[in-house]
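One structure below.
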Amino acid sequence: MTDRAQTLARAAGLRAVFEAAGAVGVETPVLQPAHTLLDLYGEEIRARAYVTSDALRGEQMLRPDFTVPVVQMHMAHGAEPARYTYSGEVFRRQEHDPDRANEFIQVGFEVFDRTDPAAADAEVFALIAGALSPLRLRAATGDIGVLMAAVEGLKTTAPRKAALMRHIWRPRRFRALLDRFSGRTAMSRTREALLAGDLPGAEAPLSGRRSAAEITARIETLREDAATAPLSTEEVRLLDALLGVRETMPYALEQLRDLSVDLPQIAPAVARIAARAGALEARGIDVQSLPFETNFGRTSMEYYDGFVFGFFSPDRADLPAVATGGRYDALTRRLGQGREIPAVGGVLRPGLMLELEAAQ
């Protein structure tokens, strides 16, 4: 375990690296308005954040990460292009692993630049990889945009596609929905009874937040879904093949290009991956041995919608990622009040870096 002074010193050194690359140092409040995060992620964010409130400002959350407030700041006041760096505490509730830190220092680098997204992806990845190079970590990369494009192009209803898109970051729920929409799993007896109007206790008084009208509308939506034709066996097979891509970058690109013949909706996303590979190579990254996995990043923060990456210790599987990052173009649309700009960034944990250095 490293002490706070050492961690802050390492954080300052990392910020200096990013400032030398053109980033401007910024600060964000530790207390963040809860309504913004709830609008983005729904009530599930409560399981990961510390929540408090006061009479004047309402519900607040201890900062779970920096990206959302930095995007808000840039969309309100930032010029183009822009590069930012920051450091400070973030707070994450830990309900299952008492050994995981619930408060730690994070250092980040964010790029808002519409000129060349592939080059920006490579810039962020290469700078972070360079800062971590003495630790000999294992890199992982992926692209959430490929799966998003595949779902968007499915031959099914808009509500089904919306449900799948909403649960891309919850792999088990996504799989359960895919199995249900394809007819792989039978409808439960409870749902059959609900759709048939056989509702035990229907005369009981309402409890909870949903009104009778909302409950009726939800049942009607479920009936419409039950009457929808299942996803085709071929589409499900292609999705399974897409989710199974796990190779070094050149071979992954080869598999993705083959899949795009039958899934033409993913072709633009595959082209972006190829452009990124070229930009990474130009930055000195060994693309030939760089891993790529379509499934990677699906349990990260839900604002990523393109390139995702992480760096992990090959000898300490008990540790979380030492650094993570990715592209979040859609988040700038959500928070930009009509404006948007391509954006990508990454964060490092200097405390974990010092812990691994001490072990070496």
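Is it the case that some residue within segment 337-346 is in contact (Cβ under 8 Å) with a residue 12 or more places away in the chain, in the same structural domain as Leu242 (by TED's automatic domain parsing) and of a type in the set (A, V, I, L, M)?
No.
Restricting the first residue to segment 280-297 and requiring it to be at positive phi, which pairs with a second residue that is among the aliphatic types (A, V, I, L, M) meet a Cβ separation below 8 Å and a spacing of at least six or different chains?
Close Cβ pairs (under 8 Å, with a partner that is among the aliphatic types (A, V, I, L, M)) amount to Gly284/Ala126; Gly297/Ile144; Gly297/Val308.
In segment 268-290, which residues are over 21 Å from the mean Cα position of the chain (by Cα), surrounded by 15 or more Cβ atoms within 10 Å (Cβ to Cβ), farther than 16 Å from Tyr251 by Cβ and not aliphatic (A, V, I, L, M)?
Arg283
Tell me yes or no: at least one residue of segment 76-83 is in a helix (DSSP H, G or I), of a type outside the set (Asp, Glu) and either outside the structural domain of Leu31 (by TED's automatic domain parsing) or open to solvent by 40 Å² or more (accessible area, probe 1.4 Å) (or both). Reasoning before the result, please.
Quick first cut of segment 76-83, residues in a helix (DSSP H, G or I) only: 76-77.
After this cut, where a residue has to be of a type outside the set (Asp, Glu) as well, the list is 76-77.
When the remaining residues are screened for being either outside the structural domain of Leu31 (by TED's automatic domain parsing) or open to solvent by 40 Å² or more (accessible area, probe 1.4 Å) (or both), the result is 76-77.
For segment 76-83, residues in a helix (DSSP H, G or I), of a type outside the set (Asp, Glu) and either outside the structural domain of Leu31 (by TED's automatic domain parsing) or open to solvent by 40 Å² or more (accessible area, probe 1.4 Å) (or both): present.
Just checking, how many residues over segment 107-137 are open to solvent by 10 Å² or more (accessible area, probe 1.4 Å), under 21 Å from Val17 (Cβ atoms) and not in a helix (DSSP H, G or I)?
3
Which members of segment 316-334 meet the condition of being among the charged types (D, E, K, R) and without any contact (Cβ under 8 Å) to a residue 12 or more places away in the chain?
Filtering segment 316-334 down to residues among the charged types (D, E, K, R) leaves 316, 318, 327, 329, 333-334.
Passing the criteria: only Arg333.
For segment 291-300, which residues satisfy the criterion of being surrounded by 21 or more Cβ atoms within 10 Å (Cβ to Cβ), of a type in the set (A, V, I, L, M, F, W, C) and in a loop (DSSP other than H, G, I, E, B)?
Of everything in segment 291-300, nothing turns out to be surrounded by 21 or more Cβ atoms within 10 Å (Cβ to Cβ), of a type in the set (A, V, I, L, M, F, W, C) and in a loop (DSSP other than H, G, I, E, B).
Determine, yes or no, whether Ala5 is open to solvent by less than 80 Å² (accessible area, probe 1.4 Å), in the same structural domain as Arg333 (by TED's automatic domain parsing) and part of a helix (DSSP H, G or I). Lay out the reasoning, then the answer.
On the way: open to solvent by less than 80 Å² (accessible area, probe 1.4 Å): yes; in the same structural domain as Arg333 (by TED's automatic domain parsing): yes; part of a helix (DSSP H, G or I): yes.
Yes, satisfied.
Picking from Asp143, Asp121, which residue would you name as being under 26 Å from Ile168 (Cα atoms), in contact with a helix residue (DSSP H, G or I) (Cβ under 7 Å, 6 or more places away or on another chain) and in the same structural domain as Gly297 (by TED's automatic domain parsing)? Please lay out each step first, then the result.
Values: Asp121 fails: in the same structural domain as Gly297 (by TED's automatic domain parsing).
Criteria check complete, one pass: Asp143.
Output the residues belonging to segment 12-41 that are surrounded by 15 or more Cβ atoms within 10 Å (Cβ to Cβ), in a helix (DSSP H, G or I), aliphatic (A, V, I, L, M) and over 22 Å from the mean Cα position of the chain (by Cα).
Matches in segment 12-41: Leu14, Val17.
Report the residue count in segment 332-355 for those that are in a helix (DSSP H, G or I) and open to solvent by 10 Å² or more (accessible area, probe 1.4 Å).
Selection size over segment 332-355: 7.
Looking for whichever is touching a strand residue (DSSP E or B) at 6+ places or on another chain (Cβ under 8 Å) and either surrounded by 13 or more Cβ atoms within 10 Å (Cβ to Cβ) or outside any loop (DSSP other than H, G, I, E, B) (or both) here; the options are Gln265, Gln255. Which one fits? Quick ask: steps written out before the conclusion?
Numbers: Gln265 fails: touching a strand residue (DSSP E or B) at 6+ places or on another chain (Cβ under 8 Å).
On inspection, the qualifying residue turns out to be Gln255.
Show the residue pairs meeting these rules: Cβ distance below 8 Å; 6+ apart or different chains; first residue within segment 147-175 and closer than 18 Å to Glu293 by Cα; second residue assigned to a helix (DSSP H, G or I) and β-branched (Val, Ile, Thr).
Ala149/Ile266; Ala150/Ile266; Ile168/Ile144; Ile168/Val151
Return the residues of segment 134-158 that are touching a Ser or Thr at 6+ places or on another chain (Cβ under 7 Å) and either within 24 Å of Leu40 (Cβ to Cβ) or among the hydrophobic types (A, V, I, L, M, F, W, C) (or both); say none if nothing qualifies.
Answer for segment 134-158, where residues must be touching a Ser or Thr at 6+ places or on another chain (Cβ under 7 Å) and either within 24 Å of Leu40 (Cβ to Cβ) or among the hydrophobic types (A, V, I, L, M, F, W, C) (or both): Leu137, Gly142, Val146, Leu147.
The values are calculated or read from the model by the stated rules, or taken from the named source; none is laboratory data. Predicted, not measured: the structure shown is a model, and the values here were computed from it. Cβ atoms come from the backbone with ideal geometry, glycine included; neighbour counts cover every protein chain shown. Areas reflect the complete protein model, heavy atoms only, side chains present, ligands, DNA and RNA absent. Shrake-Rupley method; radii C 1.70, N 1.55, O 1.52, S 1.80 Å.
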